[in-house]
Amino acid sequence: MDRENLRTHLIRGCALMCIEINSHQVEQLLKFAKLVEAGNRQMNLTRITSEAEFAVKHFVDCLAVQKTGFTFKGKGIDVGSGAGFPGVVIASCFTSDPVVLVDSMEKRVRFLREVCETLQLNHVSSIHGRAEELARDPQYREAFQWATARAVAPLPVLLEYCTPFLSVGGYFIAFKGSSFPEELKTAANAVKLLNLSVIQRELLQLPFDMGERWIVRFRKEAETPDQYPRKAGVPAKRPL
């Protein structure tokens, strides 16, 4: 990818969505993009390779969470981080509080560690494991004030993955596509069983006619029942 073309689309995309971004954040994200591009030659990190799409569908898409007003205070976790979206973007641009990136594939976790070292994100740690198993570890269960996930699973499954990590009163922020309204209907039982409430939903149009994005915030109202999350693989096979 051409660095200056990517910079132009990133800055223009943010301006069109009225997203604030400073020069240091731009440089961090450009370095991140270069690492993703290099890592993509070794493993499947992203199918997006054009500068315009990368800037909008990865960076601006993640940065759009700024529109919700959420401040990312306290310890946070990004479940199913993959190439680092949105976790690395959030850690680079929105918070200096501890952030944990979780992925089930070890080579992606090694990549994330390299990214955090290169970008000097000393407040970020990367963990290899499945959400269903890590969320039963006392070190991680109900230990976070916020959680995020993007392009990981349908909403009912995603809620079971992420909610157990949250402390009571914590927030889960889901990045969802145009199917979100229908997904929310199918997730009604999961929302009830996991003691959640929907407190914010934002529908945003991505610049350059690249689609729409729902950003939805859930609040955890009470402790997660002991039976959740179920054993690895069960939430995806039998959604709540």
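Values quoted throughout were computed directly from the atomic coordinates according to the rules given, and no laboratory measurement underlies them. If you're wondering where the values come from, they're calculated on a predicted model, not measured in any experiment. As a convention, Cβ positions derive from the backbone with ideal geometry for all residues, glycine included, and neighbour counts pool all protein chains shown.
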Segment 223-239 residues that are free of Cβ contacts under 8 Å to residues at least 24 places away in the same chain, paired with ones that are assigned to a loop (DSSP other than H, G, I, E, B) and surrounded by 10 or more Cβ atoms within 10 Å (Cβ to Cβ) (beta carbon under 9 Å, 6 or more apart): 238/230
Return the residues of segment 1-52 that are exposed (fewer than 13 other Cβ atoms within 10 Å of the Cβ), free of Cβ contacts under 8 Å to residues at least 60 places away in the same chain and under 20 Å from residue 150 (Cα atoms); say none if nothing qualifies. 44, 47, 49
Scan segment 188-208 residue by residue and report those that are within 15 Å of residue 219 (Cα to Cα), touching a strand residue (DSSP E or B) at 6+ places or on another chain (Cβ under 9 Å) and of a type in the set (A, V, I, L, M, F, W, C). 190, 191, 194, 196, 198, 199
Within segment 216-235, identify whether any single residue is closer than 13 Å to residue 61 by Cα and surrounded by fewer than 19 Cβ atoms within 10 Å (Cβ to Cβ), and answer yes or no. no
Of all the residues that make up segment 143-176, how many are part of a loop (DSSP other than H, G, I, E, B) and either within 24 Å of residue 99 (Cβ to Cβ) or in contact with a strand residue (DSSP E or B) (Cβ under 6 Å, 6 or more places away or on another chain) (or both)? 4
Quick one: which of 143, 131 is over 21 Å from residue 59 (Cβ atoms) and in contact with a Cys (Cβ under 9 Å, 6 or more places away or on another chain)? 131
Condition first: in a strand (DSSP E or B), out of contact with any helix residue (DSSP H, G or I) (no Cβ under 7 Å at 6 or more places or on another chain) and over 14 Å from residue 158 (Cβ atoms). Can you find one or more residues in segment 212-222 that meet it? yes
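Residue-by-condition table, conditions (1) farther than 25 Å from residue 239 by Cα; (2) among the aromatic types (Phe, Trp, Tyr); (3) surrounded by 17 or more Cβ atoms within 10 Å (Cβ to Cβ); (4) touching a Gly at 6+ places or on another chain (Cβ under 8 Å):
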residue	(1), (2), (3), (4)
81	no, no, yes, yes
86	no, no, yes, no
90	yes, no, yes, yes
96	yes, no, no, no
116	yes, no, yes, no
129	no, no, no, no
136	no, no, no, no
151	no, no, no, yes
158	no, no, yes, no
Provide a single number: the residues in segment 125-142 that are assigned to a loop (DSSP other than H, G, I, E, B) and among the small types (Gly, Ala, Ser). 2
